[in-house]
1. Can you name every residue in segment 588-625 that is closer than 21 Å to residue 203 by Cα and either assigned by TED's automatic domain parsing to the domain that holds residue 262 or part of a loop (DSSP other than H, G, I, E, B) (or both)?
2. Somewhere in segment 618-631, is a residue without any contact (Cβ under 8 Å) to a residue 60 or more places away in the chain and out of contact with any helix residue (DSSP H, G or I) (no Cβ under 7 Å at 6 or more places or on another chain)?
3. Quick one: which residue in 222, 216 is assigned by TED's automatic domain parsing to the domain that holds residue 23, over 20 Å from the mean Cα position of the chain (by Cα) and more than 20 Å from residue 534 (Cα to Cα)?
4. Name every residue in segment 18-54 that is touching a residue at least 24 places away in the same chain (Cβ under 8 Å) and farther than 25 Å from residue 187 by Cβ, in order of residue number.
5. Is segment 546-566 home to any residue that is hydroxyl-bearing (Ser, Thr, Tyr) and at pLDDT 90 or above?
6. For the list (1) under 30 Å from residue 388 (Cβ atoms); (2) polar (S, T, N, Q); (3) buried (at least 19 other Cβ atoms within 10 Å of the Cβ), I need the number of the one condition that residue 434 fails.
7. Any residue in segment 536-557 that is free of Cβ contacts under 8 Å to residues at least 40 places away in the same chain sitting within a Cβ distance under 9 Å of a residue that is surrounded by fewer than 21 Cβ atoms within 10 Å (Cβ to Cβ)? List the pairs, counting only those 6 or more apart or interchain.
8. Criterion first (touching a residue at least 12 places away in the same chain (Cβ under 8 Å), in a helix (DSSP H, G or I) and surrounded by fewer than 21 Cβ atoms within 10 Å (Cβ to Cβ)) does residue 250 satisfy it?
Amino acid sequence: MSAPAIRVEGFIKRYGKRVAADGLALTVQRGEIYGLVGADGAGKSSLMKSVAGVLAHDGGTVEVFGTVIDSERAAEKVKQRIGFLPQGLGLNLYPDLSIEENVDFFGRLRGVPGAELAERKNMLLGMTRLDAFRSRPMRQLSGGMKQKLGLVCTLIHEPELVILDEPTTGVDPVSRRDFWAILGKLLEEKGITALVSTAYLDEADRFHRVSLFHEGKVMGEGTPAELIARVPGTLALFRAEPQADALPRLKAQFPQTEAMGAWLRVFAEGLTPEQARAAVEMCLRTPTPPPTVGSNSFDLGGTSTDRGRINSTPQECLQQSTIHLSDWFAREPELEDVFVAMLRERGARLDTSLPADAAAAAPTSTLAIEATGLTRVFGDFRAADAVSFAVPQGEIFGLLGANGAGKTTVIKMLTGILKPSSGAGRVAGADMRSAGLAIKERIGYMSQAFSLYHDLSVVENIRLYAGIYGLDDRRARQRSDWVIGMAGLAGFENDAAGRLPMGLRQRLALGCALVHEPRVLFLDEPTSGVDPIGRRMFWDILFHLSRREGVAILVTTHYMSEAEHCDHLALMFAGRVVADASPEAMKQELITSAGQLLELRVDRPVPAQNALRDAGFANVALHGRAVHLLSRDADTDRERLPALLDKAGIVVQSVGLRPLSMEDVFVQRITALEDAGRRPA
């Protein structure tokens, strides 16, 4: 057996007094895609830079292709065999050079002969669908196009090992799928090894093996299936009405519970599907005990000894309204559920300081946001084109789209930051054209790029925003205490905002946007890079604000996992709204038009994808060792596809139905529009 591509033992990296990586160890075999999964600051980038030979480490051993990387001279020995794509959109590219000029530059830099360079360039630009944009300057590319160009430049010298640091962060779902399809094909055809990091656990199924990183340590290592098997249980998805009453009851019993739009998602650790159903029904029949006198919080923590156990009885509780359960689905947990369970085993808590016994906000038909034909033109470019939608008070509304789709432009017009070229809008009862100050006083806005002053402390940031919104000293102190409790910032009050972990920093930014108690909240891609626990706590807060306090929330995102949390969605493409419905309605529309989603686990995914496309399946996508496709006759295809692939020499291990995700909806809709080569009608 050949030596591994990478061997790391006892890796330590410090930045001043902070330990970024503490005794990391892993082995990457040749020809595999190995994933490093964890939040920002978990130690992934430090390790990858050391493997690439561009960062010195403070302890342990890093070995690449049998060479110990302990000096610049050692790094030079393997440099030609490595391709490195650093974190950040297009950071390895030159903005004033065109796509073709960037590729040519990297090819010559790596010493690729002219004829080979032309051949490889044509092949890679064709695979990435960049061929038609060869003369476009890099600075004019979307985020997804920048990352695909970065990958082309990384691969142009045909390295044996590619090191890709969060290559899909900030990339829309279509480009993200393109990226993984390209990488999977090259690995299979060229035998390349890949070390890839990501903050998103839904990507982990695309890796052969995974290391779960947290605070500079490896919490678990193995195939995705092996890691999921370490924390057995059932993932249940169902509806419960009234939802706002069901959620705190379920959280008290099942800490890993979250609202997903109109649905509830529960991980019942250690329980079979039948046991999970019985436990959930018992929990919803059993009223939650009243909060302890003086308490204003509910605990979403718990230990391994109390999970899955029913703690309260009717005799111990106050009688509450009946909760009706419907539309039950149960399946194997996902890797994120396992990751969160592992973090909880290590003492991480899912605590909030929001009142658990607050009454649900009464339903209302009052519109909090109205957009009518909003258009913004920059020269010849229409960033937003006749955008219309409405958001009732108390609704979580998602504005979805790829980089450059127009989401941020729409928010800036609605908040009075940017004047529309035409169209109208009302926010919190005020006309956006004539009531700029009134709108600013009635809304909270958490921007994509800037929300906090990083050199100011937590308390100083909160007090600054309180002053901007005109709160007097007494009210500012009250709201500051509320923000600190809500965001879980107790003990961090005097810490500089820039030194907080990403999850805490984002919750502080949310608190600053809420300090003046607005009725409408705008959030522009709020959870990028946040760890799973921080992201879940963030959405718990948003759910409470909408359901208990009646706040209308508009979220822009291109992360489809966040779209599942929304009550209603508007999908944007090229500046226009191309779909406007609930997540469930969009999924049902896709099932009606294109069929149900089938997952085939196979021994050779890339040839399987090609064979299925040859057989007439247009919507085929790679997911690690599996292939996903849309089938108009799922029952028949489940029976015939194994035989079809067997003729192509491909072994099918399993075929089964999977529920559609919003990513499936987004990719299908946007790909169809792109392939049509026209703006939406």
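The values are calculated or read from the model by the stated rules, or taken from the named source; none is laboratory data. All values derive from a computational prediction rather than experimental measurement. Cβ coordinates were reconstructed from backbone atoms using ideal geometry, including for glycine residues, and neighbour counts include every protein chain displayed.
1. Passing the criteria: 603, 604, 619, 624, 625.
2. yes
3. Numbers: 216 fails: more than 20 Å from residue 534 (Cα to Cα).
Only one candidate passes the filter, namely 222.
4. 19, 20, 21, 22, 23, 39, 40, 41
5. Step one: filter segment 546-566 for residues hydroxyl-bearing (Ser, Thr, Tyr), giving 546, 556-557, 559, 561.
When the remaining residues are screened for being at pLDDT 90 or above, the result is 546.
Taking every residue of segment 546-566 in turn, at least one turns out to be hydroxyl-bearing (Ser, Thr, Tyr) and at pLDDT 90 or above.
6. Only one criterion is unmet by residue 434, namely (3).
7. 545/354
8. no
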